[in-house]
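A short write-up of the structure that comes next.
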Amino acid sequence: FLHPAEGAHGDLGVITKDDIILAVSYSGETDEIIQLIPSIKKIKAGLVSITCRPNSTLERHADLSIHLDIIREACMHNLAPTTSSTATLVFGDALAIVLSKMIGFQPENFAVFHPKGSLGKRLLTKVSDLMFKDEENPIIDGDEVLKKAIIIMSEKGLGAISVVDADQKLVGIITDGDLRRTIEKYDSLPNLKVCDIMTKNPIVIAPDALAVEAIKPMQEREIMVLPVVDKEQRPVGMIRLHDIIKAGIVE
């Protein structure tokens, strides 16, 4: 963005012959813009006029002229820029959308230029950024006794534990809810194994997936945690809905 008044006092230096100037003026006779035309021509930058009145000075000097056909302003006195300013804004949005499509602008590009706020976080934050890993990631063999799983779950405090087979591949998960249902069902737990009460083939997510992608399966299954697995289906972490919300990815 270049303010015409500031452009006349040195800021024109940012313009090069490779630039295209979009000059917006309702009348096409705005002094601050008209006085820049000779310099723009000397720099050999392209000039596109966006006006509401035909045959204006700005339009005559432009390489390309765009005329917004405004009959009258919405203002009851037909004075304040209302209809014209809205039409200009709509045109600018349409132009930006078309250019974005032409250059193949993707959500990943948007994220680079908009890193803050929930939008940026949704497009940049990966599961690996929020998951509990290494010593914080609760894992147990399916043949272990249930009591050991309860102890590990209490120590880690994530409300769940990943269950693996002899090859360290994920085969199930036990959550706090599974434990409550088991306690209600059985009078005694000593003889139970982890594989006896685990939920088999749980929903999982990859560490390089966007954290926002974990929300939908959690909501659909009404679960609070997801095991994070690598390409060999080995659990490398665990992600909680609580931490996704805390990170500001959803509001």
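The values are calculated or read from the model by the stated rules, or taken from the named source; none is laboratory data. Small disclaimer: the values here were computed from a predicted structure and weren't measured. With ideal geometry, Cβ positions are generated from the backbone for all residues, glycine too; neighbour counts draw on all protein chains shown.
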Requested in this report: Name the residue, out of Leu79, Leu58, Leu47, that is at pLDDT below 95 and of a type in the set (A, V, I, L, M).
Outcome: Leu79
Query raised in the report: Taking the stated definitions as given, is Glu184 surrounded by fewer than 20 Cβ atoms within 10 Å (Cβ to Cβ) and under 23 Å from Ala111 (Cα atoms)?
Result: no
Report task. Can you tell me which residue among Gly177, Gly237 is touching a Phe, Trp or Tyr at 6+ places or on another chain (Cβ under 9 Å) and at pLDDT 90 or above? Result -> Gly237
Query raised in the report: If the Cβ limit is 7 Å and pairs must be 6+ apart or interchain, which residue in the stretch 84-96 that is free of Cβ contacts under 8 Å to residues at least 60 places away in the same chain pairs with which residue that is of a type in the set (A, V, I, L, M, F, W, C)?
Result: Ser84/Cys52; Ser84/Leu68; Ser84/Ile70; Ala87/Leu68; Ala87/Ile70; Phe91/Ile50; Phe91/Leu68
**Report entry** Selection within the stretch 107-119 - farther than 12 Å from Leu210 by Cβ and of a type outside the set (Ser, Thr, Tyr)
**Finding:** Asn109, Phe110, Val112, Phe113, His114, Pro115, Lys116, Gly117, Leu119
Requested in this report: Might you check whether a residue that is small (Gly, Ala, Ser) and loosely packed, with under 15 Cβ neighbours inside 10 Å occurs anywhere in the stretch 48-71?
Outcome: no
